[in-house]
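Novice: The structure that follows is given in the form of structure tokens.
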Amino acid sequence: MPAPNPIGLSQAQVDQFYQNGVLVIPSELSKDTISKLLAESHKLLHEFSLENHPLTMFTTGEGTDDKPHVGDDYFLFSGDKIRFFFEEDAFEVGSDGSKKLVKPKEQAINKIGHYLHGLNSTFENVTLTARNTAIAHDLGLKDPRVLQSMLICKQPSIGGEVPPHQDATFLYTDPLSCVGFWYALENCTKSNGSLEFIPGSHKWAPVQKRLVRTNEITETDSVIKTEFEPVKGVEALTSEQEKKIADNDEYRLLECPAGSLVLIHHSVIHRSAHNFSPNSRYAYAFHLIDGTAVYDRKNWLQIPAEGGSDFTKLQVP
Ligand code: FE2
């Protein structure tokens, strides 16, 4: 039998991941690495320009006809770019629909995404590592690919709530394969909107829906529309299970110090509350999928944007 990989996860950690749907690894990042990532984050926020920015907000949840889940092409075509998405509460909206920022831009961005791992060496250096490759293999990914990466700011007082969801709804493969790598860059507490999850929910809550494009880009149509599509062949949740997902008492708060790595199973139910505190809650996250799984053209995220799955192989550069 081959010896276990010394730089990956222990069997106990792998077991815990599959038991709970989440695994927390404290002190994954050194203080020096955290400082570099925070400094780079502040630099990006400082340097981006509001000129010609479409003021796209990042909104979550089910979405409705008048308020879809994700904004517009600025968001949908961000898979191979570094783009900036605003907090919903960062604007005062006039009666004519005009938007005025109520915060300095540095404190108004919800997240930066989705190709930090490919275009920014500071983020690339913590993503494409031998350690992460070993973790991915230990979690069963044969050909780990980085699908997307993002800096999540969870800004003081306006950091938006993220409602209960499963990552595979947004990062769908057949079979499901996505794993979230979520690094706390600041201390995450109840007061600044730390992650919460329902332990073991990935075992009883099959992913019900996926976010898909409903049209292709053509010479005459460059506007992409999206909707949630039911996943075929999946048993519907019972009313008992739906009640569980809506019950605050089912959620475990995941408080963790800066530098922690949280691994997130594709089907575990998780969420985070609005940040009403005076402290931000920066986190860097990327998601892997298995390149051996089918990634089809219906997925909202395509690289290149016209349609494709040219995702970064997780290997040490
Ligand atoms: Fe998530």
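Novice: So F86 clears everything in (1) touching a helix residue (DSSP H, G or I) at 6+ places or on another chain (Cβ under 9 Å); (2) more than 20 Å from P304 (Cβ to Cβ); (3) surrounded by fewer than 22 Cβ atoms within 10 Å (Cβ to Cβ) except one condition, right? Which one?
Specialist: (3)
Novice: Looking at region 150-174, I want the residues that are among the hydroxyl-bearing types (S, T, Y) and have a partner that is near the ligand (Cβ under 10 Å from one of its atoms) with Cβ atoms under 8 Å, at least 6 apart or on another chain. Which pairs are those?
Specialist: So the pair list comes out as Y172/C178.
Novice: Here's another thing I want to ask about it. Does region 173-193 contain any residue that is touching a Gly at 6+ places or on another chain (Cβ under 6 Å) and within 16 Å of the ligand (Cβ to nearest atom)? Spell out the reasoning first.
Specialist: Filtering region 173-193 for residues touching a Gly at 6+ places or on another chain (Cβ under 6 Å) gives 193.
Pick out the ones that are also within 16 Å of the ligand (Cβ to nearest atom) and you get 193.
Checked region 173-193: at least one residue is touching a Gly at 6+ places or on another chain (Cβ under 6 Å) and within 16 Å of the ligand (Cβ to nearest atom).
Novice: Let me ask something else. Is there any pair linking a residue in region 123-140 that is under 10 Å from L314 (Cβ atoms) to one that is at pLDDT 95 or above and part of a helix (DSSP H, G or I), with Cβ under 7 Å and at least six apart or on different chains, and which?
Specialist: T127/H117; L128/H117
Novice: Here's something else I'd like to know. If you take the residues of region 268-301 that are part of a loop (DSSP other than H, G, I, E, B) and basic (K, R), which of them is farthest from the ligand (Cβ to nearest atom)? Spell out the reasoning first.
Specialist: Applying the first criterion (part of a loop (DSSP other than H, G, I, E, B)) to region 268-301 yields 268-269, 273-274, 276-282, 291-293, 295-298, 300-301.
With basic (K, R) added as a condition, the list becomes 281, 297-298.
Values: R281: 14, R297: 23, K298: 20 Å.
Out of the qualifying residues, it is R297.
Novice: Can you tell me which residue within region 194-215, out of those that are away from the ligand (no atom under 16 Å from the Cβ) and modelled with pLDDT under 95, is farthest from the chain's Cα centre (by Cα)? Full working, then the answer.
Specialist: Going residue by residue through region 194-215, those that are away from the ligand (no atom under 16 Å from the Cβ) are 200, 203-204, 206, 212-215.
From what's left, modelled with pLDDT under 95: 212-215.
Numbers: V212: 16, R213: 18, T214: 22, N215: 24 Å.
Among them, the one singled out is N215.
Novice: With respect to A184, determine if the residue is touching a residue at least 40 places away in the same chain (Cβ under 8 Å) and surrounded by 21 or more Cβ atoms within 10 Å (Cβ to Cβ).
Specialist: When the stated conditions are applied, A184 passes them.
Novice: Taking into account only those residues within region 138-162 that are at pLDDT below 95 and not in a loop (DSSP other than H, G, I, E, B), which is farthest from the ligand (Cβ to nearest atom)?
Specialist: Filtering region 138-162 for residues that are at pLDDT below 95 and not in a loop (DSSP other than H, G, I, E, B), the one farthest from the ligand (Cβ to nearest atom) comes out as G159.
The values are calculated or read from the model by the stated rules, or taken from the named source; none is laboratory data. It should be emphasised that the depicted structure is a prediction, and the values quoted were computed from it without experimental measurement. Backbone-built Cβ (ideal geometry, glycine too); neighbour counts: all protein chains shown.
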